[in-house]
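Q: Got a structure for you, written out below as structure tokens; questions coming shortly.
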Amino acid sequence: MGRAPANREPSPPPPPPGRCNFWLPNKRRHCANSPLPTSHYCGNHLPDSASDAGALSRRRVPCPVDPSHTVLEENLEAHVSKCPLKKQTAALAAQPFYSKGINSGGGEGGGGVTSAAKRAAVHKLTEDELHALIEKIKSVHATAAVAMRDSYLVADACDNWMRNQVDRCVFATFDGVKVGIF
């Protein structure tokens, strides 16, 4: 009887003293920044009506480097050069192991082809082409399966050698070829 309608969100609690009054619904808390001296809001959440009446250029715009935050339009040019994400990206790119877009799938192998396009290409194959593709897949699988099946032999041979159960050399046989491990 005394309940609020189920579709209505509860009103936010009052902000803690010395904190911005802006309510963050996804985090279910108030902004953690300190408010400006003349306002109840921080610089990021200052309502347009509370900003200086004569300063039209005090508009906030999304950062072109990282749209997750906004910048005053008048400071945009200076901000772009010192944006934290830009610095972080530059530091990552300077690492010797970094290669831009390495996992994007748009290189020589993938060519940026979508899964739907790949499925469509398979559906367009003739019956003979499809059988040839299946045989090729079976052939590649058989080659890989043999290599994987015999791969445990190397570890067993090395274990014997490490436990000094063999003198100097351990031999393992792969597909009828005897290989020595020293």
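The values are calculated or read from the model by the stated rules, or taken from the named source; none is laboratory data. Computed from a prediction, not measured in an experiment: that's the story for all the values here. Cβ coordinates were reconstructed from backbone atoms using ideal geometry, including for glycine residues, and neighbour counts include every protein chain displayed.
Q: Scan segment 37-54 for residues that are assigned to a loop (DSSP other than H, G, I, E, B), farther than 23 Å from SER81 by Cβ, modelled with pLDDT under 85 and of a type in the set (Gly, Ala, Ser) and jot them down.
A: Here is the first cut: in segment 37-54, the ones assigned to a loop (DSSP other than H, G, I, E, B) are 37-47, 51-54.
Cutting the leftovers down to farther than 23 Å from SER81 by Cβ gives us 37-42, 45-47, 51-54.
Among the residues that remain, those that are also modelled with pLDDT under 85 are: 45-47, 51-54.
SER51, ALA53, GLY54 - these are the residues of segment 37-54 that are assigned to a loop (DSSP other than H, G, I, E, B), farther than 23 Å from SER81 by Cβ, modelled with pLDDT under 85 and of a type in the set (Gly, Ala, Ser).
Q: How many residues does segment 8-33 hold that are in a loop (DSSP other than H, G, I, E, B), closer than 27 Å to VAL61 by Cβ and within 32 Å of the chain's Cα centre (by Cα)?
A: 8
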